[in-house]
Amino acid sequence: MPLIGETEQEVVEHLTFASARILVVDDNTANRQLPLDHGLAFVTALKPALQGVVFDWDADASLVGMTAGLNYEQQFETWSMEGQTRLTYNHLDTHNSSSELIDFDANVTTFTLQIDAIKPIDAKIGGYPLALVGHLGNATFLGSNRDAVGFDYFFEAGLALETDISQNNWPVKKLRLGAMGIFGADVSTVEA
């Protein structure tokens, strides 16, 4: 059967639909039109109830934070170690919102620890020296809402190649390309 031709559709103000096709296997033209008619009627009926929350909502937010941290660097005979730890507190608060339903305020406190072991290797790229970098890290969320995203900590481990371009006097001193895995209870991913 050919696709349904132009049909009259109700226009819903301030609502845009991405183009999509729904395949309904049926020889009856009326049965193919039903999902479209009922879908638009459902959205149109809900629009007044969701106005300002799902449709046309607006809110301003403020974010205030503080961070304290320590850095550590140690040069060994053939390799070096860089470490850093941070304790960060952020407060996020909405104001001037279009509805009380979208108002919120939240406090987020995180503790992070990252350690990189850097070992120069006998290779160059474009005349720049290369090094192999092993990375270990941890992020832990603290406070009463520490598991708001479904987990309260994660670990990270990775391996990368690094090149030192500091001889160019550019704002960027090193470039690093590698892969890192993030894992923990209820969380896992891989980044490149």
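The values are calculated or read from the model by the stated rules, or taken from the named source; none is laboratory data. Note that the structure is predicted; figures quoted are calculated from it, not measured. Cβ: placed from backbone, ideal geometry, glycine included. Neighbour counts: every protein chain shown. Remember, those area values only see protein heavy atoms, side chains included, never the ligands or the DNA or RNA. Shrake-Rupley method; radii C 1.70, N 1.55, O 1.52, S 1.80 Å.
Within the range 48-66, is even one residue modelled with pLDDT of 90 or more, in contact with a strand residue (DSSP E or B) (Cβ under 9 Å, 6 or more places away or on another chain) and over 29 Å from F141 (Cβ atoms)?
no
Quick one: would you say T88 is open to solvent by less than 60 Å² (accessible area, probe 1.4 Å), out of contact with any Leu (no Cβ under 7 Å at 6 or more places or on another chain), at pLDDT below 90 and not in a loop (DSSP other than H, G, I, E, B)?
no
Of everything in the range 127-164, what is under 17 Å from the mean Cα position of the chain (by Cα) and of a type in the set (G, A, S)? Give them in sequence order.
A139, A148, G150
When the range 139-192 is examined, which residues are found to be more than 30 Å from N107 (Cα to Cα), of a type in the set (D, E, K, R) and either in contact (Cβ under 8 Å) with a residue 60 or more places away in the chain or surrounded by 13 or more Cβ atoms within 10 Å (Cβ to Cβ) (or both)?
Passing the criteria: E162, D164, K174, R176.
I need a count of the residues in the range 126-138 that are surrounded by 15 or more Cβ atoms within 10 Å (Cβ to Cβ) and at pLDDT below 95.
Adding up the residues that qualify gives 2.
Does F111 qualify as being modelled with pLDDT of 80 or more and either more than 27 Å from F151 (Cα to Cα) or of a type in the set (D, E, K, R) (or both)?
Against the criterion (modelled with pLDDT of 80 or more and either more than 27 Å from F151 (Cα to Cα) or of a type in the set (D, E, K, R) (or both)), F111 does not qualify.
For the range 97-192, which fully contained strands (runs of 3 or more DSSP E) count at least 2 residues that are more than 30 Å from L63 (Cβ to Cβ)?
Result: 105-125, 128-142, 153-164, 174-184.
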